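First the structure, in the form of structure tokens, and then the observations on it.
What follows draws every value from the coordinates through simple rules; no lab data is involved. Just so it is clear, the structure is predicted and the values come from calculations on it, not from any experiment. For neighbour counting, all protein chains shown are included, and Cβ atoms are generated from backbone atoms with ideal geometry for every residue, glycine included.
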């Protein structure tokens with residue numbers, strides 16, 4: 001009878017350890033997932049504005065549209081803001097870089 005009680009206690013102890021290990025693995029996996037999502041949202045990948053324009057603008061608009069637009073910085077800001085509202089995937093920092101790039105490259109006084 002004593003042996004049966006000890007075996008039962010040992011099995012419960014092993015089960016708890018396995019459960020604790022599984023809980024720890026799940027917590028670590030969740031933490032890694034959160035870090036990945038946060039870095040993706042925050043735009044940790046610092047792509048140059050020209051690349052962001054290529055990825056986010058030229059996919060829907062021909063480059064000739066950008067080249068012929070010649071807008072002021074305020075107009076480019078309004079355009080980029082509108083594009084982000086309808087689906088362009090730029091965070092605030094990226095949008096500011098894109099606006100500066102477009103203003104300099106395709107501005108009213110641009111090259």
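Descriptive notes on the structure:
- Between segment 95-111 and segment 45-72, the alpha-carbon centres lie 10 Å apart.
- Virtual paramagnetic centre 7 Å along Cα→Cβ of residue 65, amide N under 17 Å, in segment 87-111: 87-90, 99, 102-103, 106-107
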